[in-house]
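The values are calculated or read from the model by the stated rules, or taken from the named source; none is laboratory data. Everything numeric in this text was worked out from a predicted model, so none of it was measured. Every residue, glycine among them, receives a Cβ derived from its backbone with ideal geometry; neighbour counts consider all protein chains shown. The protein model used for the area step is the full one, side chains on, heavy atoms only, and it has no ligands, DNA or RNA in it. Shrake-Rupley method; radii C 1.70, N 1.55, O 1.52, S 1.80 Å.
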2 protein chains.
Amino acid sequence: MSTTLTTANPPARSLTLRVRDTLDRLDRDVDAWFAAADPAGLPYLVPLSFLWDGTALLISTARTNPTARFLEATGKVRVALGPTRDVVLIDAEVREVIPAAELPAEVGDAFAAKTGFDPREQRGAYPYFRVVPLQVQAWREVNELAGRDLMIDGRWLSDPEACDPPALTPGPA
Amino acid sequence: MSTTLTTANPPARSLTLRVRDTLDRLDRDVDAWFAAADPAGLPYLVPLSFLWDGTALLISTARTNPTARFLEATGKVRVALGPTRDVVLIDAEVREVIPAAELPAEVGDAFAAKTGFDPREQRGAYPYFRVVPLQVQAWREVNELAGRDLMIDGRWLSDPEACDPPALTPGPA
């Protein structure tokens, strides 16, 4: 995986900073690359717009498109955000397929406001897919390959060397 | 596939211009996204550097990495170049897997010069993969979805409205 990488780089970011940068990207980026595959190993890859709700990426694509068909068949997706020298790579599972008519209106409105695209207005079926990350990695260049794991088995890692949040002191009742 | 797209755009490029832009990108871009999958439908996706020789993309990755294992198992890969609003999408086949020691020296040197990465110097096996496009599409925004096919079944399309090259007139012998 290191073949895009060169050797003269700024210092590697801490885990804490990489998690913050990754959450920023999930909040602000409009598009990401979504890779899915059919059960025979044929890969598919397209850019899709998404909405991050703190737990999942919400996407939508025509039910007849390969991405929708493969996600319905396998439930597995790999997502890439950012340019090739500042990547966030996410292995994720589809946890829900939501028909457009059944999505809460405020979620549909938030999706349309962020992405500029409203699947509810399309002809034909454009279901929404709730995509939940299980593994997240982020790196820029070769010096960031060590420490690239940010989430394992659905849990964000925390930096043992980072300051803990201040302990709560019991106050007056 | 249209969910990254908005509606206020510059005019759609002609086929001829899209092919030229795509060939420029293949020549000049250093990295692309490579999606592969295992035969059970688990997708994989990483950025890799490549060298284009006019017919194929040459890539290299550790033989133990998922990309190498999946390419050896299925021979199928989908490649994305460019940002999400100026994409080139390529369905391709692996036509050759070349051990580093068997690659012609000048090709290995050209790969290292372009990518800044020399697989021949790595510890462990870093084979090269010769990836030949079969289908190529390119679009920027929604108004370029029509006419996005640039190559079908391994043949670049040509624009029926573009000027043909001047016919050769037989000259003096």
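See the values below:
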item	result
Rough spin-label spacing in nm, given labels placed 7 Å along Cα→Cβ, for residue A:86 and residue B:72	3.6 nm
Förster radius 35 Å - calculated FRET efficiency between residue A:96 and residue A:157, Cβ distance, rounded to 0.05	0.85
Semi-axis lengths (Å, descending) of the ellipsoid that matches the C-alpha gyration tensor of segment B:80-166	33, 16, 13
Peptide A:26-39, shielding by other chains (average Cβ, 10 Å cutoff)	5
Accessible surface, 1.4 Å probe, highest first, among residues A:121, B:93	A:121, B:93
Inter-copy label distances at residue B:73 (7 Å, Cα→Cβ; nm, one decimal)	1.5
Over chain B, relative contact order from alpha-carbon pairs under 8 Å, at least 6 apart, %	25 percent
Average beta carbon contacts from partner chains per residue of B:45-55, 10 Å cutoff	5
Exam field: residue A:118 pseudo-label spacings to other copies (7 Å along Cα-Cβ), nanometres	5.8
Estimated [θ] at 222 nm from DSSP helical runs (n ≥ 4, -39500 (n - 2.57)) normalised by residues in the protein assembly as shown, nearest 500	-6000 deg cm²/dmol
Teacher prompt: residue B:55 distances to equivalent labels in other copies, 7 Å Cα→Cβ, nm	5.4
For chain A, built as a Gaussian network whose Cα springs stay under 10 Å, the top-fluctuating residue of A:39, A:119, A:99	A:39
Residue B:146 paired with residue A:113, simple spin-label distance in nm, labels 7 Å along Cα-to-beta-carbon	3.4 nm
Reciprocal of mean inverse Cα separation for the protein assembly as shown (Kirkwood radius, Å)	21.7 Å
Convex hull of chain B built on C-alpha atoms - directionally averaged projected area, nm²	13.6 nm²
Solvent exposure, largest accessible area first (probe 1.4 Å, DNA, RNA and ligands not counted), of B:114, A:76	A:76, B:114
Accessible-area order (highest first, 1.4 angstrom probe) of the listed residues B:152, A:59	B:152, A:59
